[in-house]
Amino acid sequence: MKFLKSFRFWLGIAFILLLVVLRYSGFGDYLTLDTVREKRELLAQFVIAHYIWAVLIYMIWYVVIVTLALPITALSTVVGGFFFGVAPAVIYTNLGATLGATVFFLLVRYLWRDMVQNKHQARLRWFNEQVKSYGVYYLISMRFLAFIPFFVANLLAGLSEVAVWTFVWTTSVGIIPGSLVYAFAGKQLTTINSIRDIFSFNILIAFTLLALLALVPMLVQRYRSS
């Protein structure tokens, strides 16, 4: 038991250090809009000649960047939309992102959930009750809210007591709208200058309304039980 706790502690430290190093090492700077535009003909030829390999590489890439919480998921989806088309890119992104998010979720749950829950048991009692009763609505709402970073939603879910399968399917469903927007933006890859250009005020309002809509069943359930 003592060895297991020690192993979990040092594995957690190593994982945190890896995330910090990768985030501040400039690793994500290698994938930029300018880089993709410069290499688009070469990349397009590879996709055409080796489509299955291109899809596998894209999904594995997505698993890695989501597991390591790298802030280049949006740009990756834009690139996927450009090379694969909107619908295929959404599917490939969904598979890769959901798998990567699940790996991150399980790591957080294994490394820190018990420690956090035990240390703050009294404070988290209400939170755990809310997650148990309305976790599905909270998870989907977090996915729809564009200003909540993807890894933050994964982290909070991992520290909670939400079921693994609930996390998996809500993640898969919740990232569809954002994936559609980014993949569609890939059609304008040669004209957009920044990822920020993609999200207009109207799109942000639409995502916020989707998040609020996802909470309506929870509010109705609370009203009926009161």
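Rounded to the nearest 10 degrees, the inclination of helix 201-225 to the longest alpha-carbon principal axis of the chain is 30 degrees. Each residue of region 158-171 was assigned a 3J(HN,Hα) from its phi angle through the Karplus curve 6.51 cos²θ - 1.76 cosθ + 1.60 (θ = phi - 60°); the sequence is x, 7, 8, 9, 5, 5, 4, 5, 4, 4, 4, 6, 5, 5 Hz, with glycine and proline shown as x.
Charges on Cβ only, +1 for Lys and Arg, -1 for Asp and Glu, centred on the Cα centroid of the chain; of Val36, Tyr24, Phe105, which one is farthest towards the dipole's positive end? The Cα lying farthest towards the positive end belongs to Phe105. Among Val66, Val162, the ranking by other beta carbons within 10 Å of each residue's beta carbon, starting with the fewest, stands as Val162, Val66.
Measuring from a point 7 Å past the Cα of Val152 along Cα-to-C-beta, which residues in region 102-144 have an amide N at less than 17 Å? So the set is 138-144. Net charge dipole, the chain: roughly 820 debye, given to the nearest 20, about the Cα centre with Cβ charges of +1 for Lys and Arg and -1 for Asp and Glu. Residue order for Ser194, Ser133, Ser172, fewest other beta carbons within 10 angstrom first, comes to Ser194, Ser133, Ser172. Couplings for region 69-84, taken from phi via the Karplus curve 6.51 cos²θ - 1.76 cosθ + 1.60 with θ = phi - 60°, read 6, 7, x, 10, 5, 4, 4, 4, 5, 4, 4, x, x, 5, 8, 10 Hz in order; Gly and Pro are left as x. Using only side-chain charges placed at the Cβ, +1 for Lys and Arg and -1 for Asp and Glu, the dipole size of region 72-153 relative to its Cα centre rounds to 300 debye. Here the relative contact order of the chain, from alpha carbon pairs under 8 Å that lie six or more residues apart, stands at 25 percent.
Taking the longest Cα principal axis of the chain as reference, the axis of helix 51-67 is set at about 40 degrees. The overall shape of region 115-161, judged from the alpha-carbon gyration tensor, is oblate: a/c is not under 1.5, and a/b is no greater than b/c.
Computed over region 1-96, the P(r) curve from all C-alpha pair distances, binned at 5 Å from the origin, holds 2, 12, 19, 20, 16, 10, 8, 6, 4, 3, 1, 0 percent per bin. Oblate is the label for region 2-225, because a/c, from the alpha-carbon gyration tensor with a ≥ b ≥ c as root eigenvalues, is 1.5 or above and a/b does not exceed b/c.
Each reported figure results from applying straightforward, stated rules to the coordinates on display, with no laboratory input. This structure is a prediction, so every number in the text was calculated from the model and none was measured. Every residue, glycine among them, receives a Cβ derived from its backbone with ideal geometry; neighbour counts consider all protein chains shown.
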